[in-house]
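Worksheet: one structure, shown below.
The values are calculated or read from the model by the stated rules, or taken from the named source; none is laboratory data. Everything numeric in this text was worked out from a predicted model, so none of it was measured. Neighbour counts are summed over all protein chains in view; Cβ atoms, including those assigned to glycine, are modelled from backbone coordinates with ideal geometry.
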Amino acid sequence: MYVEVTPPGPPTVREPDDFHRLSIVATNSGQAPSSVLDALLSVNLAVTGSTLDAVKLDVAALREAARSAHPTTPTPQWEHSFDAMLDYAKHKGWFEPNAGTVAAHIEWMEATR
């Protein structure tokens with residue numbers, strides 16, 4: 001799964017069934033790079049303290065956004081897979097359960113014309 005950010009549009013979770021990746025995919029649309037963080041913060045997906053090098057995603061907000069992006073109602077298996085993704089992230093040091101955040105990197109894409 002990834003969060004697509006193309007300012008000034010709102011962030012959107014894509015591929016909510018892909019639990020083997022978690023990233024932010026940002027399109028360079030001529031906006032300042034900080035507009036990506038601003039967009040994530042505006043919908044409470046990112047938390048204060050995030051940087052362009054390490055975005056801290058709010059896990060509850062990410063889970064809800066991923067559920068909403070799912071074409072059908074997520075199943076208990078989907079919930080289990082989401083939790084397994086977080087468990088993997090925890091072992092890598094990317095998930096902070098006490099803070100309720102998971103780190104994600106930004107993949108920068110060029111805008112297509």
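Picking from residues in segment 7-50 that are buried (at least 17 other Cβ atoms within 10 Å of the Cβ), of a type outside the set (A, V, I, L, M) and under 13 Å from the mean Cα position of the chain (by Cα), the one that is nearest to Thr72 (Cα to Cα) is Pro16.
Determine, yes or no, whether Asp87 is of a type outside the set (Val, Ile, Thr), out of contact with any helix residue (DSSP H, G or I) (no Cβ under 7 Å at 6 or more places or on another chain) and assigned to a loop (DSSP other than H, G, I, E, B). Criteria not met by Asp87. Note on segment 88-113: residues that are surrounded by 11 or more Cβ atoms within 10 Å (Cβ to Cβ) and of a type in the set (D, E, K, R) total 3.
Being in contact with a Pro (Cβ under 7 Å, 6 or more places away or on another chain) and closer than 20 Å to Leu40 by Cα is a property that does not hold for Leu86. Candidates in segment 25-50 are the residues that are under 25 Å from Asp87 (Cα atoms) and touching a helix residue (DSSP H, G or I) at 6+ places or on another chain (Cβ under 7 Å); of these, the one that is modelled with the lowest pLDDT is Ser50. All of Asp58, Asp17, Asp53, Asp83 fail the test of being more than 12 Å from Val5 (Cβ to Cβ), at pLDDT below 95 and among the charged types (D, E, K, R), apart from Asp53. Quick one: in segment 51-66, which of the residues that are over 14 Å from Thr101 (Cα atoms) and in contact with a helix residue (DSSP H, G or I) (Cβ under 8 Å, 6 or more places away or on another chain) is surrounded by the fewest Cβ atoms within 10 Å (Cβ to Cβ)? Among them, the one singled out is Leu52. In segment 73-86, the residues that are free of Cβ contacts under 8 Å to residues at least 60 places away in the same chain and surrounded by 12 or more Cβ atoms within 10 Å (Cβ to Cβ) never reach a residue that is part of a helix (DSSP H, G or I) and of a type in the set (Ser, Thr, Tyr) with C-beta atoms less than 6 angstrom apart, at least six apart or across chains.
Filtering segment 23-50 to residues that are under 14 Å from Thr101 (Cα atoms) and touching a Phe, Trp or Tyr at 6+ places or on another chain (Cβ under 7 Å) leaves only Ser23. For segment 72-113, name all the residues that are closer than 20 Å to Ser35 by Cα and among the small types (Gly, Ala, Ser). Passing the criteria: Ala103, Ala104, Ala111. So how many residues does segment 4-56 have that are touching a Leu at 6+ places or on another chain (Cβ under 7 Å) and assigned to a loop (DSSP other than H, G, I, E, B)? Going through segment 4-56 one residue at a time, the tally reaches 5.
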